[in-house]
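For reference, the structure discussed in these notes is given below.
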Amino acid sequence: MRKQPTSGGLVYSTDSGRTCPACRQAQADCRCKALAAAATRAAGDGIARVTREKQGRGGKTVTVVRGLPLAAEALADLGKRLRNACGAGGTAKDGVLEVQGDHADRVVALLLAEGHKAKRAGG
C-alpha cells in the first residue's frame, strides 16, 4: 500500500494567484521563506567565508562570500562597496555576495578592514 504525500494542497487560486503550500497564503503575502532565510542567516557562526567558484558559470570565475550575518539591505550595500573596490560586477542574492572575477584575497582584506570576521575557504 502506497502512502499519499502530505505536502499537497492548493497551489493556485484565481483570487490571489500562486499560493505558498506551507502557509496557504498568496506568494506575495507569504512570510515562510523570509523567516526561514533569516533563521538560516542568523544560525551561522558569523564568519564570512570567501571562495572562488567556476562551476555552472560557463567557465567564468566568481568570488563568492557566504556567512555574513547582515540584513538584505546591509548586504547589498556591502556588496556594492566590494564591487567598486574590485572594479567588477556582481550581485547580492539569498544572503550570498558574488563578485565577478578572482578577487578573493582583496575581498578578504576589505572585509577585515570593515570589521567583519572573514577567512579564505576552499582552494
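A few remarks follow.
- Close amide-amide hydrogen proximity is noted between THR61 and GLY101, each under 5 Å apart and 5 or more residues distant or on a separate chain (H modeled in the peptide plane; Pro and chain starts excluded).
- A cut-off under 10 angstrom between Cβ atoms defines the neighbours of ARG120, and their net charge, with Lys, Arg +1 and Asp, Glu -1, is +2.
- For ARG52, the shell of other residues with beta-carbons less than 13 Å away shows a net charge of +3, using +1 for Lys and Arg and -1 for Asp and Glu.
- With a cut-off of 9 Å between beta carbons, the residues surrounding VAL64 carry a summed charge of +1, where Lys and Arg count +1 and Asp and Glu -1.
- Per-residue 3J(HN,Hα) values for the stretch 92-101, derived from phi via the Karplus relation 6.51 cos²θ - 1.76 cosθ + 1.60 with θ = phi - 60°, read 10, 8, 6, x, 10, 9, 10, 10, 5, x Hz in sequence order (x marks Gly and Pro).
- Distant-in-sequence amide H partners of VAL96 (H built 1.01 Å from N, under 5 Å): none
- ³J(HN,Hα) computed for each position of the stretch 109-116 - Karplus, 6.51 cos²θ - 1.76 cosθ + 1.60, integer Hz, glycine/proline x: 5, 5, 5, 5, 5, 8, x, 8
- Working from label points 7 Å from Cα in the Cα-to-Cβ sense, the GLU53 to ARG24 distance is 3.6 nm.
- Other-chain or far-sequence residues with amide H under 5 Å of GLY90's (modelled H): GLN100
No value in this document is a laboratory result; all are computed from the given coordinates. Small disclaimer: the values here were computed from a predicted structure and weren't measured. All Cβ positions, glycine included, derive from the backbone under ideal geometry; neighbour counts span all protein chains shown.
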